[in-house]
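**Student:** I'd like to ask some things about the structure below.
Read the figures in this text as sums done on the coordinates, not as results from a lab. Predicted, not measured: the structure shown is a model, and the values here were computed from it. Cβ atoms come from the backbone with ideal geometry, glycine included; neighbour counts cover every protein chain shown.
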Amino acid sequence: MLRAILILVVAGAGMAPTAPATAQDTLANAVGDITQPIDGIAARIGNDVITGSEVRELSAFQKLVDGTAKPRDQVIEELADQWIVRGEADTAKYPQPSTQDVDRAYDQLVKQFSSGDEFQKRCTAAGLTDAAVRRQLALQLYLSRFLDYRFRPEVNVDDAAIQKYYDEEFAPQLKARGESVPPIEKVQDTIREVLVQRAISDRAKQWLDDTRGSLSIDVLPEGNGS
C-alpha cells in the first residue's frame, strides 16, 4: 500500500488541505500534462484498468526514492490501493494539493540527494521526467492527506500510551545512540503525533486489505504492453 513514499511527502509538505475551488487548475499546473496513452493493460480492477504506463512510472518513482523498485505484483497491489483511496477521496470531493504544496514536496525530495545534478541523474537513470516526479508527488500528497482526514478522528492516544512509547521505544533508542534523553514533558506532543500516525497507518492498512479483498482484481501477464 502507500507506505514509505507517503511518509516522505506528508513530512515534507504539511497536512493542511487547500481550498477546493481551484483544485483541478492547481493540480494541472503542478504536474503538467497528465494525459497518457493506454499502452497496455497490467490489471483489471472492477470496471477499470491499471495500465502498463502506471506500473512503469510508479516503479521508476520507487527506484528514485528508495533506490530499488518493488516486484511487479507489489507495484500493481499499490496501484490498486491508490485506486481505492482515490475513489473515496474523489467521491468526498477532497481538495487536491496546491502548486506550492507540490513544490515543497519536490524540494524536500531533491534534498534527499547530494546535489541537484545527482537528483537529475537519478531521475534520468530511472526514466522519470520532471513532470512525472511532480505527478507522483501530487498524487501521494492527495492520497496520504485523505487517509489522514479519514482516519485521524478515530484515533485517541492517551497519556498511558505516550508513557509506554517513551519508556519502551523513545528513551532506549536515544540511550543506544549515546544521546541524552529529554524529559517526557518536552517530547510528549511529538510522541503523540507519532502514535497518531502509527494508528492511522494501521487503520488504513486494515481498510485497504478488507476493501481489496472484496474487489475483482485480475492481473495480466507481463508482456501485454504492460
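**Student:** Report the calculated FRET efficiency for VAL194 and ILE217 (r = Cβ-Cβ distance, R0 = 41 Å), to the nearest 0.05.
**Tutor:** Approximately 0.80, to the nearest 0.05.
**Student:** Ranked from highest to lowest mean number of other Cβ atoms within 10 Å per residue, what is the order of the peptides 49-58, 169-178?
**Tutor:** Per-residue mean Cβ counts within 10 Å order the peptides as 49-58, 169-178.
**Student:** Once fully extended, how much extra length lies between SER180 and THR129, figured as 0.36 nm per residue of separation less the alpha-carbon to alpha-carbon distance? It would help to have the intermediate numbers written out before the result.
**Tutor:** Numbers: separation 51, 0.36 × 51 = 18.36 nm, distance 4.39 nm.
Difference between extended and current length: 14.0 nm.
**Student:** How large is ³J(HN,Hα), in whole Hz, for each residue of segment 132-146 in order, when computed from phi with the Karplus curve 6.51 cos²θ - 1.76 cosθ + 1.60 and θ = phi - 60°, using x for Gly and Pro?
**Tutor:** 5, 4, 5, 4, 5, 5, 4, 5, 5, 4, 4, 5, 5, 5, 5
**Student:** Can you compute the FRET efficiency between ASP167 and GLN108 using 1/(1 + (r/R0)^6), with r the Cβ-Cβ distance and R0 = 35 Å? Round to the nearest 0.05.
**Tutor:** With R0 = 35 Å, the Cβ-Cβ based efficiency is 0.65.
**Student:** Let me ask you something else. What's the center-to-center distance, using Cα atoms, between segment 130-171 and segment 174-220 in Å?
**Tutor:** The two parts, judged by their Cα centres, are 6 Å apart.
**Student:** Right, next: How would THR190, THR91, THR99 line up from fewest to most surrounding beta-carbon atoms within 10 angstrom?
**Tutor:** So the ranking, lowest neighbour count to highest, is THR91, THR190, THR99.
**Student:** Can you flag which of LYS63/LYS175; LYS93/LYS121; LYS111/LYS205; LYS93/LYS186; LYS121/LYS175; LYS111/LYS175 are past 31 Å Cα-Cα?
**Tutor:** Distance filter (> 31 Å) returns LYS63/LYS175; LYS93/LYS121; LYS93/LYS186; LYS121/LYS175.
**Student:** Could you tell me which residue out of ALA204, LEU174, THR190 lies farthest along the dipole of segment 143-213 toward its positive end? Charges go on the beta carbon: Lys and Arg +1, Asp and Glu -1, centred on the Cα centre.
**Tutor:** Value: ALA204.
**Student:** Would segment 38-140 count as rounded, prolate or oblate if I go by the C-alpha gyration tensor, calling it rounded below 1.5 in a/c and otherwise prolate when a/b exceeds b/c, oblate otherwise?
**Tutor:** oblate
**Student:** At 0.36 nm per residue, and after removing the present C-alpha to C-alpha distance, how many nm does the segment from LYS205 to ARG86 gain when stretched out fully?
**Tutor:** Working: separation 119, 0.36 × 119 = 42.84 nm, distance 1.48 nm.
Difference between extended and current length: 41.4 nm.
**Student:** Quick check for me: using +1 on Lys/Arg Cβ and -1 on Asp/Glu Cβ, what's the dipole size of segment 36-96 about its Cα centre, in debye to the nearest 20?
**Tutor:** 100 debye
**Student:** When the scattering of segment 82-226 is computed by the Debye formula from its Cα atoms alone, each counted once and equally, what is log10 I(q)/I(0) at q = 0.17 Å⁻¹?
**Tutor:** Taking Cα atoms of segment 82-226 as identical point scatterers yields -1.15.
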